[in-house]
Each structure stands twice: as C-alpha cells, then as structure tokens.
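Participant: Before anything else, here's the structure in question.
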Amino acid sequence: MADEKELRYEPAAIEPKWQERWAENPALYAAEPGGTDKPKYYVIEMLPYPSGQLHMGHVRNYSIGDALARFMWMRGYNVLHPMGWDAFGLPAENAALKNNTPPRQWTIQNIAAMKRQMQRLGLGYDWANEVTTCLPDYYRWNQWFFLRMYERGLAYRKQSKVNWCSMCQTVLANEQVVDGCCWRHEDNVVEQRNLEQWFYRITAYAQELLEGLDKLPGWPEKVRTMQRNWIGRSEGTEVDFSVEGSGEKIRVFTTRVDTIFGATSVQLAPEHPLVPALTAGNEELERRIGWIIDEQKVAKEKDALGTIEKKGEFTGKYAVNPFSGERVPIWVANYVLMEYGTGAIMSVPGHDERDFEFATKYGLEVRRVIEPVGAVEAPPDEPYYGEDGVLVNSGEYDGLTCLEAQKKLQEVAAAGGFGEAKVTFRLRDWGVSRQRYWGTPIPMVNCPTHGLVPVPDEQLPVLLPEQIEITQEGGSPLSRVPVFLNTTCPKCGGPATRETDTMDTFVDSSWYFYRYTDAKNDKAPFDPAKAQYWFPIDQYIGGVEHAILHLIYSRFWTKVMRDLGMITNDEPATRLFTQGMVIKDGAKMSKSRGNVVSPDDMVARYGADATRMYALFAAPPDRDLDWQEDGVAGVSRFLGRVYRLAMTLPELARKATVDGLVHEAPTEAETKLLGALHRTIAKITNEFGTRWHFNTCIAAIMTFVNLLSASEAGVVAGEISEPVVEEVLRTLVLLLAPFAPFVAAELWAHLGGQGEVLRVAWPVSDPALAKEDEIEVPVQVNGKLRSLVRVAADADDAALEAAALADAKVQEWFAGKRIVKKIVVPGKLVNLVVK
C-alpha cells in the first residue's frame, strides 16, 4: 500500500513537471492545413494587453477557452488555439514616463512575465503562432494595409472636429468616447478640437455591417443590438429650403417628410456653415450664438445633449418651404448637431416632442398635419407621433396615408430637383491618427513638391525609433525626432518629412487572428490558403465591453480584406461568447480599482488546476463570478480526493483479487457504478458541447466522485473488480482533463494510460449502461420541497402520486389537512396543494 506521503496531492510537485514536459514536446499545436483529415476548430480569446500581470478576470476568460480547446481536441478536431499580445498603446508610454523605462523594454518584459504565468497555469496555447503587435514583423503589415486602403480611397486625411483626451494627449475615435469621457479615463471629459487627421472610411461598409448582423445568430443578441444602434441607419428624405433673398439653400434631412406642411421653422446647428452669413453684422446675435456653441460643446463633452434645456436664437431671416411656398423663420438651436444628418432640421412641433418643447418655449406655431384614423384619438394640445394616420392641412396631399405621402413627396422633390430619398447612418468614419509615440508609424511622407506621397511597399516597414525622449508636450512625439522626421520623397528623391502621427492601437487588434494562421510569413500578412482553411473563427471569446470598439472594427477589416481578394469569408467569427466579470468587494476586478487577486498567489497556495477549475465552477460562464478564495481551497481539496482515490482504489482491487474475492458476472455494485459513470459522461458531453455549463459539468464530476468514494467498501469486499476500477478511474481522468489538465496528465500516466491525455478520445456514453432503473423525484407541498422519493424510471402518473402520498415525510405535511390539488410531472415533480 502506498505510504501517506505518496497519497498526498501536491500540485507544487506535479504541475511544474508537466509544464516542463509540455514545453519540450508540445501536444497542443495544430496540424497544418492538408496535414490531417480531422475537421478544423479555431478557438481564441481576445488577445491581452501586456500590462505585466494577469489577474483572476484574465484567468477566467482564458480558462473558458482552454477548456473548450481541450474538449474539442479530445472530440477529434484539429484545433488552433493561439495567443498573442496587443502590445502597442498608451499604458506602455505612460509607464515609460513614470518609470523612465523605454516602452519597448517595458512591453517585452511584461510579455515574458505574462507568458510565464499562462504556462504555469497550464493554458494550452499554440505558441508556434504567437503574435506580438509592437514588433516590426507585425506592424509592417498594418502599414501595408494602410497603403491598400489609401489606394482605394478608404484611408484619407481631412481637417475635422475630433475628440481630444487631455490625459492621453491624443485624439479618440467616436467609439472610444463613453458617456462623454475617455474610454481609458472614465472621469476625464473629452474635448472637441479641430485637427487634420487620418481616417478609415468605415462608413463605406455601413449598410453591409448592419445587414451582416442578421447572419450572426451565434453572436449574443446584446452585442448585435449594440452594433445596430451604433451604426444607426435612418431612412428618410433630404429637402432644400431656399433662404429668402439669397441664392443659398438649407438642406434638411427628415424621416417624416409627410409632416413637411407642419414645419413652422427651420433650425440650424450652431456651427452650420450658413450661420455666419445669416448673422453677419449683428454683434449681439453673434455673441448669443457663441454662448449656444459653448453650451452645446460642454453638453457634448459630457454626453448630456439629450437632457439640456432647449435654447435657440432667431436669425431674423426666413426660408421657403418648397412644397407649400410658406415663409418659415430660420433659428439656431442648441439641440441640433452639425455632425448628424445635414446639420439642419425642419421643426414640426405638431408631431415631434423635441420640436414641441422648443416651439412652446418660443411661441412658435404648433400645427397638426396628421390625424389618426379609426378609434384612435390624439390629445389636441400634444404632438401626435403615429405613422398610421392620414394627412390634413397639406393641400393636395390631404387624405393620403403617411406612407403614401412619404413616397409621393419624395417623388415630387426628386422631379423638382429640390430633394431626394436618403439613407443616413449614425456611424462615422474611424479616426486612426494618434498623437503618441508607441504605435504603428503611418507610412506617408509630406513632399514640398508632390504633397502627400505613400511609402512604397519595398520600403516597409517604416521603423519606429526605439530610443526617444517621451514627454507630454503638445503634438506627436515623433515630430521631435529628426532622424525619423526627415526623409526623402519616394517620388522625386527630394527632402521630405514623415507623417508623425501613429495608428490607433485598435488597428493592431482588427486583424491579428488572421496573422495567427501564418504568423511567421515575411512575404505577406498571411497565406490566403491557410486563412481559407481556418476561417471563420469557430468560437471567439471576450468581454462585452468590446462590442463596439474592437468587434465592429474587426468586422470592417474582414470586409476590406475580402474585397482585396485575400479571404472569402464575410465575417471574422461564427460564434461569439462574452463571459461574465469577476467581482471582488462589490466591483469588477481590475488594477485601477486595486481589488485584483494574483493567480500566482492562488497557484502557490492551491495549484493551477484548482485555480482554473474554481473559475469555471463558481458561476455559469456568462454570469458574473463573485470571488471567494475559500472556493479555490474547496476545489483543491476535491482534487486531493480524486488523487487519493486514483492512488488507492486499484491497489485495493488487486488485493481483493489476491485474497480470492473474485466474481465472473457483473455485480450489482459494478452495474450501479458503471451506470452512474455513463450517465455522468452523457451529462457532461451535453452540458459542455451544447450549453457551456462548465459549472454543472464539474458538479456532475463531484457527484460521481462522491459515489466512487462510497464504493471503496465494495472494492475492498471484491464486489467491484480491478478492471472496472481502472476503467472508471481512467474515464474519470478523461472527464477531468479539460478542467484540470495537470492532475489529469499525472493520473493518466499513473493509471497506465497511453499517450498524451489530450489526444485520447473523449469518452462515449453507453445508453444501455446509462439507463436508470430508478430515479429520484422531488415532492413539494404547497410549492415547497418536502421530500425526495425513488420510483421506477418509467413510473406513470399514478405510480408517482402513490409513492409521494406514501412517503412518511410528506405525510407529516398534510396530516390533518385536505389535499385539494395534485400536480404530477412524470419523471420531474409531484406538487401537492393542501388546505
């Protein structure tokens, strides 16, 4: 019999041994396309920023993906499960300022540290395809893609009002402004500045990005809804109102052109280009409009435009309604935005709440031009918003339904040359310029003779200088590095200067998963044949906070690459899973909140397997997990039980055989144990393979281990033979392998299993063995659980009811009472209602 020390589960001794063995002989690398007849399975978690340390939020995310990858390997798939580093960005630059450490050195050190943590956790990544976005072999292709987009008009530069974060000292894309603040600095209000910037024309794909969401049923509906709202498609009509006494026209966009006879004013955004001409010479008016501009700017920066008090100024000028010929006053209003629609609206207070509020405040006419039909009545003193009415007070169009009028009025406007049907989007082009050092240099030069000139492909990459002084002065740090700034024009050979802005770090993460398929390619971003084999991604895993930023950019990039002929898929991932957060002390675990738990501490105390397994067991993967260290300790004790059983039961079974306790036919104890095992196989296969209920999978393993522990007496008595014991234990190890790979590898070897446990086929449940003769059914009295009764698995309603009424515990609850109702759900439940 093994001594007590051998029976003790010691992860600190077991896990490093297997970690070293896997590093020397990796079993987790995918076969090359064409190198296997196994079906492919591509699973990845969103690549991390190398901040230097993982916390348990990371561990949960990566444990989900790793368990899935291992499960699919065992199910017979060729699995690609790589890892990389989103290595450019502001944190490295800020750390350089704080610690006087070059960003590259800081980043590479952090990558090495985090990689060691991942390997110590037993995360089975295909490190042969590792990607590091701050290295030239990667960002060279960021520049190559920029040039392809520039050639196709998808990359362009323009003067624009942009979002500026004073703490980041850089421009932010619209998607990086959250509730009026910087996405990295939640309390720092974003300013508006006019700067010349580079943009990617994501709006060229707005309609396709919207339609594509309907082709992604494997994505969470919440994510798809967020993207639909961000893209923000509106169908309507653009109509020109002529400015009286001038040749100018004010083009408005409206989704309700059927209400145009109810327009009693035209309102302009404070920064509309016509405002200066309309207010010229009136200093008091110009000053008051300046106040509106300032007020609107503050409201936009705080993302509070929808809640500000509606204010406006009458310009003293009039416009002409092209349908009615009516003169309507031109106002400047603080709730009209230049960046949405045309920067001008026709105000219809009879049918719009916002316009009604404005008109009421300033005494403008409120005119009803749509009336509901049928029994519907609209309050006479309130706007009517419905589109199911008919036109009134609209001249020759009276009596038309709203939809009929919209179509007719569009046709008339188009024929008269003063309007057209129009589709608009809330989505704006992606601003990719960043006034920071640690990012991909933009491959353009400014030539005094030829203007903007792209860097030729053969001169890529434009290298980022490694040793520069970083300060928080205004402007791009690269503009103060002469060796980088000064160059020659690729077109004429004369003196020129490089573009000194760098690319938004979201450029790096928009296509990294394609590079994973061919990470060492120095001739192209990737081999299209390899991408064709692996794409689309079968399962993508990451946080819902990336629903707009990363995910919409990656979808755009995929469509651009498709149109470049590099890939054939329209979308990057078939399925998306957004895991819940890890909560500690009532808040999301994060370094900024100071509530992180280091996995290194957990691994040192309880082992990597227990740490990972707790992250999967404590809550369903899509729910938030409330961190409890006691839970890790509990999982560690459970693994200790499994380890002890695997070490002792075979020896006990062998001793029983030597002592002459043998049998030829399966015993009742063996049948019971094997039945429970095969029911466990079936449950885990279903819960894991279709529903991702890792917590219930682990709970099922724990339940079976309890039964196995209780069977020890039967093993000693010879009622459970050595072959059955070994079959049960080896199968148990295989079921445990996706969740606790280290202890599974150790026990698999101890039990005589052949080859890497990861490459062993997943167990298959035998229906004959899994079939239950008896089942346990809960019995409720007045909706509360009072007992459990065992009945035949095929018991009918009458048998279930009889068993429930005969149960002594249940009888106590209805003694002296009258049963008024009996609810029987065969195989599931009995509920007795008593009075």
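Participant: Only one of these conditions is not met by THR487: (1) open to solvent by 10 Å² or more (accessible area, probe 1.4 Å); (2) of a type in the set (Val, Ile, Thr); (3) within 36 Å of the chain's Cα centre (by Cα). Which number is it?
Facilitator: (3)
Participant: Suppose we keep only residues that are among the acidic types (Asp, Glu) and without any contact (Cβ under 8 Å) to a residue 24 or more places away in the chain within segment 459-513. Which one would you say is nearest to TYR139 (Cα to Cα)? So that I can check it myself, show each step before the final result.
Facilitator: Of segment 459-513, the ones among the acidic types (Asp, Glu) are 466, 469, 473, 499, 501, 504, 508.
Keeping just the survivors that are without any contact (Cβ under 8 Å) to a residue 24 or more places away in the chain gives 469, 473.
Values: GLU469: 22, GLU473: 26 Å.
Going through the qualifying residues, I end up with GLU469.
Participant: Only one of these conditions is not met by PRO495: (1) touching a Cys at 6+ places or on another chain (Cβ under 6 Å); (2) more than 26 Å from GLY153 (Cβ to Cβ). Which number is it?
Facilitator: In the conditions (1) touching a Cys at 6+ places or on another chain (Cβ under 6 Å); (2) more than 26 Å from GLY153 (Cβ to Cβ), PRO495 misses (1) alone.
Participant: Just to be sure I understand, how many residues within segment 491-508 are in contact with a His (Cβ under 9 Å, 6 or more places away or on another chain) and surrounded by 16 or more Cβ atoms within 10 Å (Cβ to Cβ)?
Facilitator: Our first condition is that a residue be in contact with a His (Cβ under 9 Å, 6 or more places away or on another chain); within segment 491-508, this holds for 491-492, 494, 496, 506.
Now restrict to residues that are surrounded by 16 or more Cβ atoms within 10 Å (Cβ to Cβ): 496, 506.
Adding up the residues that qualify gives 2.
Participant: Testing ALA415 on (1) touching a residue at least 12 places away in the same chain (Cβ under 8 Å); (2) of a type in the set (A, V, I, L, M); (3) open to solvent by 70 Å² or more (accessible area, probe 1.4 Å), one condition comes back false. Which one is that?
Facilitator: Against the list (1) touching a residue at least 12 places away in the same chain (Cβ under 8 Å); (2) of a type in the set (A, V, I, L, M); (3) open to solvent by 70 Å² or more (accessible area, probe 1.4 Å), ALA415 comes up short only on (1).
Participant: Next question. Does SER242 qualify as being under 15 Å from ASN321 (Cβ atoms), in contact (Cβ under 8 Å) with a residue 40 or more places away in the chain and touching a Pro at 6+ places or on another chain (Cβ under 6 Å)?
Facilitator: Values: under 15 Å from ASN321 (Cβ atoms): yes; in contact (Cβ under 8 Å) with a residue 40 or more places away in the chain: yes; touching a Pro at 6+ places or on another chain (Cβ under 6 Å): no.
Criteria not met by SER242.
Participant: If you don't mind, another one. Check ARG555 against each of (1) at pLDDT 95 or above; (2) surrounded by fewer than 18 Cβ atoms within 10 Å (Cβ to Cβ); (3) charged (D, E, K, R) and name the one condition it does not meet.
Facilitator: So ARG555 meets the others, but not (2).
Participant: Please tell me if LEU645 is open to solvent by 20 Å² or more (accessible area, probe 1.4 Å) and of a type in the set (A, V, I, L, M).
Facilitator: Values: open to solvent by 20 Å² or more (accessible area, probe 1.4 Å): no; of a type in the set (A, V, I, L, M): yes.
So LEU645 does not fit the description; no.
Participant: Could you check segment 572-586 and list, in sequence order, the residues that are touching a helix residue (DSSP H, G or I) at 6+ places or on another chain (Cβ under 6 Å) and over 11 Å from ASP626 (Cβ atoms)?
Facilitator: First, pick out the residues of segment 572-586 that are touching a helix residue (DSSP H, G or I) at 6+ places or on another chain (Cβ under 6 Å): 572, 578-579, 582.
Listed by number, the residues that qualify are PRO572, THR578, GLN579.
Participant: Would you pick out the residues in segment 63-111 that are touching a strand residue (DSSP E or B) at 6+ places or on another chain (Cβ under 7 Å), open to solvent by 10 Å² or more (accessible area, probe 1.4 Å) and either more than 30 Å from THR690 (Cβ to Cβ) or without any contact (Cβ under 8 Å) to a residue 60 or more places away in the chain (or both)? Spell out the reasoning first.
Facilitator: Going residue by residue through segment 63-111, those that are touching a strand residue (DSSP E or B) at 6+ places or on another chain (Cβ under 7 Å) are 64-65, 68-69, 72-73, 77-82, 84-85, 87, 111.
Imposing the further condition that a residue be open to solvent by 10 Å² or more (accessible area, probe 1.4 Å) reduces the set to 72-73, 77, 111.
Selection gives MET72, TYR77, ILE111.
Participant: Among the listed residues GLU186, GLU238, which satisfies the condition of being open to solvent by less than 60 Å² (accessible area, probe 1.4 Å) and on the phi < 0 side of the Ramachandran plot? Working first, answer last.
Facilitator: Values: GLU186 fails: open to solvent by less than 60 Å² (accessible area, probe 1.4 Å).
Sole residue among the options that is open to solvent by less than 60 Å² (accessible area, probe 1.4 Å) and on the phi < 0 side of the Ramachandran plot: GLU238.
Participant: Go through segment 251-272 and give me each residue that's open to solvent by 30 Å² or more (accessible area, probe 1.4 Å) and under 38 Å from the mean Cα position of the chain (by Cα). It would help to see each step written out before you state the result.
Facilitator: First, the residues of segment 251-272 that are open to solvent by 30 Å² or more (accessible area, probe 1.4 Å): 251, 253, 255-256, 271.
Of everything in segment 251-272, those that are open to solvent by 30 Å² or more (accessible area, probe 1.4 Å) and under 38 Å from the mean Cα position of the chain (by Cα) turn out to be PHE253, THR255, ARG256, GLU271.
Participant: Within segment 719-748, how many residues turn out to be within 39 Å of the chain's Cα centre (by Cα) and open to solvent by less than 60 Å² (accessible area, probe 1.4 Å)? Break it down into steps so the answer makes sense when it comes.
Facilitator: Filtering segment 719-748 for residues within 39 Å of the chain's Cα centre (by Cα) gives 729-748.
From the residues that got through so far, the ones that are open to solvent by less than 60 Å² (accessible area, probe 1.4 Å) too are 729, 731-748.
Selection size over segment 719-748: 19.
Participant: If you don't mind, there's one more thing I want to ask. Is at least one residue of segment 208-231 open to solvent by 70 Å² or more (accessible area, probe 1.4 Å) and of a type in the set (A, V, I, L, M)?
Facilitator: no
Participant: Report yes if LYS115 is within 22 Å of MET444 (Cβ to Cβ), charged (D, E, K, R) and open to solvent by 10 Å² or more (accessible area, probe 1.4 Å), otherwise no. Steps first, answer last, please.
Facilitator: Values: within 22 Å of MET444 (Cβ to Cβ): no; charged (D, E, K, R): yes; open to solvent by 10 Å² or more (accessible area, probe 1.4 Å): yes.
In short, no.
Participant: Looking at SER598, SER590, SER636, which is the one that is of a type in the set (Ser, Thr, Tyr), under 38 Å from the mean Cα position of the chain (by Cα) and more than 18 Å from ALA12 (Cβ to Cβ)? Explain how you work it out, then say what you get.
Facilitator: Details: SER598 fails: more than 18 Å from ALA12 (Cβ to Cβ); SER636 fails: more than 18 Å from ALA12 (Cβ to Cβ).
Criteria check complete, one pass: SER590.
Participant: Would you confirm whether or not segment 285-299 contains a residue that is more than 19 Å from GLY343 (Cβ to Cβ), loosely packed, with under 13 Cβ neighbours inside 10 Å and either at pLDDT below 95 or out of contact with any Phe, Trp or Tyr (no Cβ under 8 Å at 6 or more places or on another chain) (or both)?
Facilitator: yes
Participant: Test ALA799 against the stated conditions and say whether it is out of contact with any Cys (no Cβ under 8 Å at 6 or more places or on another chain), open to solvent by less than 70 Å² (accessible area, probe 1.4 Å) and among the aliphatic types (A, V, I, L, M). Steps first, please.
Facilitator: Values: out of contact with any Cys (no Cβ under 8 Å at 6 or more places or on another chain): yes; open to solvent by less than 70 Å² (accessible area, probe 1.4 Å): yes; among the aliphatic types (A, V, I, L, M): yes.
So ALA799 passes the test.
Participant: Restricted to segment 580-612, and to residues that are farther than 18 Å from MET114 by Cα and in contact with a Leu (Cβ under 8 Å, 6 or more places away or on another chain), which residue is most open to solvent (accessible area, probe 1.4 Å)?
Facilitator: If we take residues in segment 580-612 being farther than 18 Å from MET114 by Cα and in contact with a Leu (Cβ under 8 Å, 6 or more places away or on another chain), then MET581 is most open to solvent (accessible area, probe 1.4 Å).
Participant: Inside segment 1-111, counting only helices (runs of 4 or more DSSP H) that do not spill past its ends, which hold 3 or more residues that are modelled with pLDDT of 90 or more and farther than 23 Å from PHE535 by Cβ? Before the answer, list the steps.
Facilitator: Working: elements: 4-7, 11-24, 56-74, 90-99.
So the answer is 11-24, 56-74.
Participant: I would also like to ask the following. From LYS822, LYS809, which residue is in contact (Cβ under 8 Å) with a residue 12 or more places away in the chain, in a helix (DSSP H, G or I) and either on the phi < 0 side of the Ramachandran plot or surrounded by fewer than 17 Cβ atoms within 10 Å (Cβ to Cβ) (or both)?
Facilitator: LYS809
Participant: Please find, within segment 781-796, the residue that is modelled with the highest pLDDT out of those that are more than 24 Å from ARG679 (Cα to Cα) and open to solvent by less than 60 Å² (accessible area, probe 1.4 Å).
Facilitator: Pass one, segment 781-796, residues more than 24 Å from ARG679 (Cα to Cα): 781-786.
If we keep only those that are open to solvent by less than 60 Å² (accessible area, probe 1.4 Å) too, we end up with 781, 783.
Values: VAL781: 85, GLY783: 79.
Of everything passing the filter in segment 781-796, VAL781 is modelled with the highest pLDDT.
Participant: Something else about it: Could you please find all residues in segment 560-607 being in a loop (DSSP other than H, G, I, E, B), touching a residue at least 60 places away in the same chain (Cβ under 8 Å) and hydrophobic (A, V, I, L, M, F, W, C)?
Facilitator: Correct list: LEU564, MET581, MET589, VAL596, VAL597.
Participant: Moving on. Can you pull out the residues in segment 535-549 that are open to solvent by less than 10 Å² (accessible area, probe 1.4 Å) and either more than 25 Å from TRP430 (Cα to Cα) or assigned to a helix (DSSP H, G or I) (or both)? Please lay out each step first, then the result.
Facilitator: So in segment 535-549, the residues open to solvent by less than 10 Å² (accessible area, probe 1.4 Å) come out as 537, 539-543, 547.
GLN539, the sole residue that qualifies.
Participant: So which residues in segment 687-718 are over 29 Å from the mean Cα position of the chain (by Cα), under 18 Å from PRO620 (Cβ atoms) and small (Gly, Ala, Ser)?
Facilitator: Looking only at segment 687-718, we keep the residues that are over 29 Å from the mean Cα position of the chain (by Cα), and these are 700-718.
If we keep only those that are under 18 Å from PRO620 (Cβ atoms) as well, we get 700-703.
ALA700 - this is the single residue of segment 687-718 that is over 29 Å from the mean Cα position of the chain (by Cα), under 18 Å from PRO620 (Cβ atoms) and small (Gly, Ala, Ser).
Participant: Which numbered condition in (1) open to solvent by 50 Å² or more (accessible area, probe 1.4 Å); (2) out of contact with any helix residue (DSSP H, G or I) (no Cβ under 8 Å at 6 or more places or on another chain); (3) acidic (Asp, Glu) is the only one that GLU772 fails?
Facilitator: (2)
Participant: Still on this structure: Mind checking which residues of segment 241-250 are small (Gly, Ala, Ser) and surrounded by 16 or more Cβ atoms within 10 Å (Cβ to Cβ)?
Facilitator: Of the residues in segment 241-250, the ones small (Gly, Ala, Ser) are 242, 245-247.
Of everything in segment 241-250, just one residue is small (Gly, Ala, Ser) and surrounded by 16 or more Cβ atoms within 10 Å (Cβ to Cβ), namely SER242.
Participant: Is it the case that some residue within segment 132-152 is open to solvent by 10 Å² or more (accessible area, probe 1.4 Å) and within 30 Å of LEU758 (Cα to Cα)?
Facilitator: The answer is yes; a qualifying residue exists.
The values are calculated or read from the model by the stated rules, or taken from the named source; none is laboratory data. Given the structure is predicted, the values throughout are model-derived calculations rather than measurements. Using ideal geometry, Cβ is built from the backbone for each residue, glycine included, and neighbour counts are taken over all protein chains shown. The protein model used for the area step is the full one, side chains on, heavy atoms only, and it has no ligands, DNA or RNA in it. Shrake-Rupley method; radii C 1.70, N 1.55, O 1.52, S 1.80 Å.
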